[in-house]
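The values are calculated or read from the model by the stated rules, or taken from the named source; none is laboratory data. Since we're looking at a predicted model, the values are computed, not measured. Cβ placement follows ideal geometry from the backbone for every residue including glycine, while neighbour counts extend to all protein chains displayed. Side chains included, ligands, DNA and RNA excluded: accessible areas come from the protein's heavy atoms. Shrake-Rupley method; radii C 1.70, N 1.55, O 1.52, S 1.80 Å.
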Amino acid sequence: MSKYKVILVDDNLDMLLIGQRIFERADFLFFSAHTANEGLNLALKEHPDIIILDYMMPDMSGTQFIKTIATNSLYKTLRNIPIILLTARPNYIEDLENCYRMGLKAFLKKPFGHRELVNVAENIIKLSKFEKIQETGNSPKLSSSGKNGDWLEDMRIAAGTITSLCKELAQTDKGKLSEQQRMEIEAIYTSSRRLSKLIFQKSSKNTVTE
């Protein structure tokens, strides 16, 4: 069975074909859209685990796409879906801080590795699902082995991976990152470390035998 459902929105047909190959090999359910509006309507129909969006689209930018979901009641059911932006020019992303507040979880600078794209998508999905459970207070009892233990371990690995990626990015040459980007990386780094600590504490308090 496929693990997660992803929608890739890109007006470049080659990118859609490459994305299909990448994600289907990684056992995702893959859907694609050629325009931002098509992507919004497809997301309403399929309600994916994540949306991956090219920033420069013919009908609207990535920022406009995110704001449309956040402000238009027609798309309110999409507001809990994490979004990744793909861009060749990160400095061109408008209103980045508000985008993060409205659902953006990460952006990847082109070109990027195929495995990198899948890893980032998987980790963001896992963290998003964990956060939803924490918000509702419906956290399952966690065992040291079996299904729940595997789920906890996935969360721990996801948080650790993002922490490591942020640490590496923070060490990038100063000329390659803007001050805003460094602030965002620091915020994500701090959050992922906090999440790792929360997972550890929850495991210690709720571990049960099956």
**helices (runs of 4 or more DSSP H) wholly inside region 54-143 that include at least 2 residues being open to solvent by less than 40 Å² (accessible area, probe 1.4 Å) and modelled with pLDDT of 90 or more** = 62-71, 114-136
**Selected residue (criterion: least open to solvent (accessible area, probe 1.4 Å)) from residues of region 6-24 that are of a type outside the set (S, T, N, Q) and part of a loop (DSSP other than H, G, I, E, B)** = D10
**Prompt:** Take the residues of region 28-42 that are closer than 16 Å to A121 by Cα and not polar (S, T, N, Q): which is surrounded by the most Cβ atoms within 10 Å (Cβ to Cβ)?
**Reply:** F28
**Complete:** Considering region 8-50, residues that are under 17 Å from T63 (Cα atoms) and of a type in the set (V, I, T), and then whichever is farthest from the chain's Cα centre (by Cα), we arrive at T35
